[in-house]
Structure formats: structure tokens, C-alpha cells
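Structure first, then comments.
The values are calculated or read from the model by the stated rules, or taken from the named source; none is laboratory data. Nothing here was measured: the structure is a model prediction, and the numbers come from that model. Using ideal geometry, Cβ is built from the backbone for each residue, glycine included, and neighbour counts are taken over all protein chains shown.
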């Protein structure tokens, strides 16, 4: 949880810092691409994420892909801790389309799909150990701020981009029957029911992140 709170603090600091940005406004309205890498994924989930975005004067389109994310039961909450379960999100991917309310601030609609593998706590995350593999589908909204601290500069520094975001990803469905998996748990020695988790913080739909990268 300390890592999550650290990311929250970083997001707040960066969002406050954007007011100090000195921008080259003419460059912002030209169509351009951004390649960004999320900090949430390596710090909290020990995985990797990238996003490719295309910016027009009023719209932004993106594709994002998370790979090899590790979500242990303690991160998700008591319902999974008590069953001694961990998850690997092998892939989390989707697209987004958004409207730019200002040059930097935009809101996006984001459909996503997340590929889960389920393991007992402490077991190696290899498919032969997986209890059940399943997918969840989310529909969400994301609020983004694209901060280019050196936008008014010349040279390579000009394209450096930092993008804090707050997102709400509603779990619209999963490949589990009724969103649940009934099984005999070898750790608790009881019949248990596991619900497909939410993708966000502590088994909620809320996702906070800060991405860094470059705009071309």
C-alpha cells in the first residue's frame, strides 16, 4: 500500500506542477504522437506498460498494453488474502478515444480487456500451476493531463512528456460463470468461491497512474 500512496502523492504533485508549464502553444495543436510508459505497473505490479497516443487539435486516440502484471491477494483485499490467492495479469490491453478540453487536459472513453491467471500464494506463476484462467472486460472513463515541462525549449528536451491520470474502469463482465469460480481450496481445505477482481486499487474500479515518455 505504501507504493500506491507514493503514486497518489506523485500524481497530486505533478498535477499541481502543470500550472508552471511554459508551453509552445503552436506545437500543441499540430497532430503528433506520444509514446508513454506507466510507472504504476513496474512499481506496484512488477510488470510493464506502454501507451501510444495520437493527438489532433481536439481529439486524442490511444492504444495501451500492460504485460506481466503481478497482483497478490494482499494488494486486492481480505477476500483474496483469506483464500491465499495471487493473480498474474498476463496482458491488459485496450484503446481509448478522448476529447481535449484544454491543450493539456483531456477525458477519454476506454474499453479494456484483462487476461488473468490465478495461483496459490507463493506458487510459481507458470501456467501449469494456474487454478483458472479468465478474462475481465472493463468500460471506463479516464481524466488525463499531458505535461510537457520543456515544451518551450529547443532540441531533444522539447518532447519530454509526463502524464498523470485518474481513471474509473467499470467491470462490465468476465469469462467466469456469473463472474465467480467455485473450487476446493488446497490451502484452506474448504470449498471456496472466488469472484473475478476489479482491475483497480484494492479491488476497486479506480486506477491512478503517472506515465512518462516522449511526444513527437
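Please state which of the following conditions residue 197 fails to meet, knowing it meets all the rest: (1) under 20 Å from residue 133 (Cβ atoms); (2) free of Cβ contacts under 8 Å to residues at least 40 places away in the same chain.
The number of the failed condition is (2).
Looking at (1) closer than 25 Å to residue 38 by Cα; (2) surrounded by fewer than 14 Cβ atoms within 10 Å (Cβ to Cβ); (3) modelled with pLDDT of 95 or more, which one does residue 177 not meet, given that it meets all the others?
Going through (1) closer than 25 Å to residue 38 by Cα; (2) surrounded by fewer than 14 Cβ atoms within 10 Å (Cβ to Cβ); (3) modelled with pLDDT of 95 or more one by one, residue 177 breaks only (1).
What tally of residues in region 170-194 results from selecting those that are over 23 Å from residue 129 (Cα atoms) and in a strand (DSSP E or B)?
Total satisfying the criteria: 4.
Which residues, taken from region 160-169, are farther than 28 Å from residue 129 by Cβ and surrounded by 19 or more Cβ atoms within 10 Å (Cβ to Cβ)?
Correct list: 161, 162, 163, 164, 165, 167.
Here is a list of conditions, (1) outside any helix (DSSP H, G or I); (2) closer than 16 Å to residue 71 by Cβ; (3) at pLDDT below 95, and residue 198 meets all of them except one; can you say which number that is?
Going through (1) outside any helix (DSSP H, G or I); (2) closer than 16 Å to residue 71 by Cβ; (3) at pLDDT below 95 one by one, residue 198 breaks only (3).
Could you run through region 133-149 and say how many residues are touching a residue at least 40 places away in the same chain (Cβ under 8 Å) and over 13 Å from the mean Cα position of the chain (by Cα)?
Total satisfying the criteria: 8.
Would you mind telling me which numbered condition in (1) surrounded by fewer than 15 Cβ atoms within 10 Å (Cβ to Cβ); (2) on the phi < 0 side of the Ramachandran plot; (3) in contact with a strand residue (DSSP E or B) (Cβ under 9 Å, 6 or more places away or on another chain); (4) outside any strand (DSSP E or B) residue 152 fails?
Condition (3) is where residue 152 drops out.
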